[in-house]
Amino acid sequence: MARILSKFNPKRLILPVRNKEKGNSLLEYIKSSNGNADNIEIWEMDLADLQSVKNFSNKFINEVGELHMLINNAGISVHNKVVKTKDNLELQFQVNHLAPFLLTLLLLDTVKKSVSAELPGKIAFTSSDANRFGELDFDNLNLEKGAYWNPLKGYANTKLMNIIIAKELGRIVQNENIITYSLHPGVIRTNLGHMNSGPTSFIIGVMANMIAITAEQGAVNTLYPVLSPENKETGKYYHDGIEKEQNKIASDQEVVKKLWDVSEQILKDHGMI
């Protein structure tokens, strides 16, 4: 995605990374691919650390202060164990949902000030087709009760949250010249499940690889609905680049509001907003 976006010669393209060394390797890859990396910057941010997200946001607001497109794309899948972050939150819940939600909230005013009717802002959340198996149990967001009768349950729950937040954010900013998206980019050959091990994970990995697409095709599927001038309606969900009906839970306004409020409260409790 970074390589494709770089070809549009953006004013500034900020790439958040957990590992600065790998980030610099990415920069070299982009340079060797098309030589168009002059406006790309590698900044450190770890979604498993809420303070890191807040520090990134503060730096962005102070040093850049202009934002037209925000793509919340990072994610992780953990099949067979509960992993806690330094914020004492379940890893998937924080990395896939809460941290991107925080980042978006902190940068939203910057987006509002940067956009216009002629050049609307874009905010996207990479979800997954796994959202179909998701449910919202507000007494088990951190999986204290477990979720592993279905190995993808915890992941699926957070991917449903992505769709709900994108749709609700779209409703909130519908008069602000901002378009929101949630999307399933396809099953892609990445290291999304690098923390997994054991026979169940092996089987899931084999099955996924049988239908998986390349990272480049996944990038196209992610960027197409966001960059297409035809997709002007906010809060929509896209599957492999094509608009698709959303999970019906995303239409339950009571559940939607509760997820938004609970997520905000957790961030307040951690001193982030």
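If I filter the stretch 219-273 down to residues being assigned to a loop (DSSP other than H, G, I, E, B) and among the hydrophobic types (A, V, I, L, M, F, W, C), which single residue comes out as surrounded by the most Cβ atoms within 10 Å (Cβ to Cβ)?
Applying the filter and picking the extreme gives 272.
Which ones in the stretch 83-119 are among the β-branched types (Val, Ile, Thr), farther than 20 Å from residue 56 by Cα and at pLDDT 95 or above?
Within the stretch 83-119, just 115 meets the criteria.
Looking at residue 36, is it of a type outside the set (Ser, Thr, Tyr) and assigned to a loop (DSSP other than H, G, I, E, B)?
Against the criterion (of a type outside the set (Ser, Thr, Tyr) and assigned to a loop (DSSP other than H, G, I, E, B)), residue 36 qualifies.
Write out, first by first residue and then by second, each pair whose Cβ atoms fall under 7 Å of each other, whose residues are 6+ apart or on separate chains, and whose first residue, in the stretch 1-22, is within 19 Å of residue 48 (Cα to Cα) and assigned to a helix (DSSP H, G or I) while the second is at pLDDT 95 or above and among the β-branched types (Val, Ile, Thr).
20/42
Of the numbered conditions (1) surrounded by 19 or more Cβ atoms within 10 Å (Cβ to Cβ); (2) in contact with a helix residue (DSSP H, G or I) (Cβ under 7 Å, 6 or more places away or on another chain); (3) closer than 23 Å to residue 271 by Cα, residue 44 fails exactly one; give the number of that condition.
Of everything listed in (1) surrounded by 19 or more Cβ atoms within 10 Å (Cβ to Cβ); (2) in contact with a helix residue (DSSP H, G or I) (Cβ under 7 Å, 6 or more places away or on another chain); (3) closer than 23 Å to residue 271 by Cα, residue 44 misses just condition (1).
Could you list, in sequence order, the residues of the stretch 214-251 that are in contact with a Pro (Cβ under 9 Å, 6 or more places away or on another chain) and of a type in the set (Asp, Glu)?
240, 243
Just checking, how many residues over the stretch 6-25 are in contact with a strand residue (DSSP E or B) (Cβ under 8 Å, 6 or more places away or on another chain) and under 22 Å from residue 46 (Cβ atoms)?
Within the stretch 6-25, residues that are in contact with a strand residue (DSSP E or B) (Cβ under 8 Å, 6 or more places away or on another chain) and under 22 Å from residue 46 (Cβ atoms) number 10.
When you go through (1) at pLDDT below 95; (2) in contact with a helix residue (DSSP H, G or I) (Cβ under 6 Å, 6 or more places away or on another chain) one by one for residue 215, which number turns out not to apply?
(2)
If the requirement is being in a strand (DSSP E or B), closer than 24 Å to residue 243 by Cβ, at pLDDT 95 or above and out of contact with any Cys (no Cβ under 7 Å at 6 or more places or on another chain), which of these qualifies: 159, 122?
Exactly one of 159, 122 is in a strand (DSSP E or B), closer than 24 Å to residue 243 by Cβ, at pLDDT 95 or above and out of contact with any Cys (no Cβ under 7 Å at 6 or more places or on another chain), namely 122.
Checking the conditions here, which among 80, 72, 142 is in contact (Cβ under 8 Å) with a residue 40 or more places away in the chain and within 26 Å of residue 174 (Cβ to Cβ)?
72
The values are calculated or read from the model by the stated rules, or taken from the named source; none is laboratory data. Bear in mind that the values here come from a model prediction, so they are computed numbers and not experimental data. With ideal geometry, Cβ positions are generated from the backbone for all residues, glycine too; neighbour counts draw on all protein chains shown.
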